1. Given a 1.4 Å probe and every protein chain left where it sits, what share in percent of the accessible area of the chain is carbon and sulfur?
2. Accessible area per residue of the chain at 1.4 Å probe, in Å²?
3. To the nearest 10 square angstrom, what accessible area does Ser97 show with a 1.4 Å probe?
4. How far is helix 63-93 tilted off the main Cα axis of the chain, in degrees rounded to 10, range 0 to 90?
5. Among Thr59, Val23, Thr46, whose Cα projects farthest towards the positive end of the dipole of the chain, with charges put on the beta-carbon of Lys, Arg (+1) and Asp, Glu (-1)?
6. Please list, ordered by chain and number, the residues whose modelled amide H lies under 5 Å from the amide H of Phe58; skip anything fewer than 5 residues away on the same chain.
7. Quote to one decimal, in nm, the extra length available between Lys14 and Lys39 on full extension: 0.36 nm per residue of separation minus the C-alpha distance between them.
8. Based on the alpha carbon coordinates of the chain, what radius of gyration and maximum Cα-Cα distance (Dmax) apply, in Å?
Amino acid sequence: MAFPRFYRRAFLNKRGFYAGAYVHADIEVGDGFAGESPKRVDAFLTVADCGRTAQLDFTAGDRAFARNALFKARRLQKVVDEFVEALERAIDDAGLS
């Protein structure tokens, strides 16, 4: 079964706020380059806000890079989850909820 391309783009701000904040995620499986496994995963996560953009690369052409890409994605997920929890507590503590 072929992997269907994963493509998501979402604005991060609520309506009425600046439109320049977004997240863009793109993953596809393609043919590998010479010397690599027959297939490779091209995966990128872009986060933008107010004209500043950061793109994270999760590309994997072999098992070692695949393990590292998953490690990086899971570490990012953990930090973002912890950040959301801390932000919720901070907003509540500041009386802004």
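1. Carbon and sulfur together cover 59 percent of it.
2. That works out to 84 Å² per residue.
3. 110
4. Roughly 10 degrees between the two axes.
5. Going by the Cα projections, it comes out as Thr59.
6. Long-range HN contacts for Phe58: Ala43, Phe44, Leu45.
7. 5.1 nm
8. 17.3, 58
The values are calculated or read from the model by the stated rules, or taken from the named source; none is laboratory data. Because the structure is predicted, anything quoted here is derived from the model rather than measured. With ideal geometry, Cβ positions are generated from the backbone for all residues, glycine too; neighbour counts draw on all protein chains shown. Only protein heavy atoms, including side chains, enter the accessible area calculation; ligands, DNA and RNA are left aside. Shrake-Rupley method; radii C 1.70, N 1.55, O 1.52, S 1.80 Å.
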